[in-house]
Amino acid sequence: MVYTEGYLREKLTKELDAVHVEVTDDSDGCGAKFSAVIVSDKFQGKPLLARHRLVNTVLQEELKSIHAFTQKTLTVEQWNAQKS
């Protein structure tokens, strides 16, 4: 199955109670390579590897057909500090 930026953004937002999700299709529209920025308080107190595992668990089915997925995971506090 080919996934879209919108589909992945919606799923990540819902499953992670994310306040901000940016998903970019880096594969020229074929849905095989994505990058994402995900901001959620569910990442609070978790090291980077645990955050990525949480995201990978949410997208477990989708990652079976996505060739490459890069992610940047931030807490709301980290996101707000970055914007300042």
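Mind checking which residues of the stretch 15-32 are under 13 Å from residue 72 (Cβ atoms) and at pLDDT below 90?
Answer for the stretch 15-32, where residues must be under 13 Å from residue 72 (Cβ atoms) and at pLDDT below 90: there is none.
Would you pick out the residues in the stretch 35-51 that are hydroxyl-bearing (Ser, Thr, Tyr) and open to solvent by 20 Å² or more (accessible area, probe 1.4 Å)?
The one that is hydroxyl-bearing (Ser, Thr, Tyr) and open to solvent by 20 Å² or more (accessible area, probe 1.4 Å): 35.
From the set of residues in the stretch 11-27 that are of a type outside the set (Gly, Ala, Ser) and more than 15 Å from residue 57 (Cα to Cα), which is farthest from the chain's Cα centre (by Cα)?
Looking at residues that are of a type outside the set (Gly, Ala, Ser) and more than 15 Å from residue 57 (Cα to Cα), I get 26.
Please work out which residue is surrounded by the fewest Cβ atoms within 10 Å (Cβ to Cβ), limiting yourself to the stretch 67-84 and to residues that are under 17 Å from residue 1 (Cβ atoms) and under 13 Å from the mean Cα position of the chain (by Cα).
68
Listed residues 60, 71; which is of a type outside the set (A, V, I, L, M) and either in a strand (DSSP E or B) or touching a strand residue (DSSP E or B) at 6+ places or on another chain (Cβ under 8 Å) (or both)?
71
Looking at the stretch 10-32, is at least one residue buried (at least 17 other Cβ atoms within 10 Å of the Cβ) and basic (Lys, Arg)?
For the stretch 10-32, residues buried (at least 17 other Cβ atoms within 10 Å of the Cβ) and basic (Lys, Arg): present.
One line per residue, one yes/no per condition, for (1) in contact (Cβ under 8 Å) with a residue 24 or more places away in the chain; (2) not in a helix (DSSP H, G or I):
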{"site": "12", "(1), (2)": "yes, no"}
{"site": "15", "(1), (2)": "yes, no"}
{"site": "28", "(1), (2)": "no, yes"}
{"site": "38", "(1), (2)": "yes, yes"}
{"site": "46", "(1), (2)": "no, yes"}
{"site": "54", "(1), (2)": "yes, no"}
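The values are calculated or read from the model by the stated rules, or taken from the named source; none is laboratory data. As the structure is a prediction and not an experimental result, all values here were calculated from the model. For neighbour counting, all protein chains shown are included, and Cβ atoms are generated from backbone atoms with ideal geometry for every residue, glycine included. Ligands, DNA and RNA are excluded from the accessible area calculation, which covers all protein heavy atoms including side chains. Shrake-Rupley method; radii C 1.70, N 1.55, O 1.52, S 1.80 Å.
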